[in-house]
Amino acid sequence: MDIAALSISMHQASLGQNVSLALTKMSIDNAEQNAAQMVEMLQAPHPTLGHSIDIKV
């Protein structure tokens, strides 16, 4: 394998690794946002919570 082909191959591998890392960071950011929204939703009092009971016979 000549130097030029090796250089191109190494650059492509580096690019693939950088893209993978960027996508992983985006996934982590999305998961953190979803978790924060879930916590916020669970902490907010619901206006009808505890005012009625559904009973099925």
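The values are calculated or read from the model by the stated rules, or taken from the named source; none is laboratory data. Note that the structure is a prediction, hence the values are computed from the model and not measured. With ideal geometry, Cβ positions are generated from the backbone for all residues, glycine too; neighbour counts draw on all protein chains shown.
Scanning the range 2-57 for residues that are outside any helix (DSSP H, G or I) and at pLDDT 95 or above yields no hits at all.
Go through the range 28-57 and report how many residues are of a type outside the set (Val, Ile, Thr) and surrounded by 10 or more Cβ atoms within 10 Å (Cβ to Cβ). Even if it seems obvious, please write down each step before you answer.
Pass one, the range 28-57, residues of a type outside the set (Val, Ile, Thr): 29-38, 40-47, 49-52, 54, 56.
Filter again for surrounded by 10 or more Cβ atoms within 10 Å (Cβ to Cβ), leaving 29-38.
Number satisfying all stated conditions: 10.
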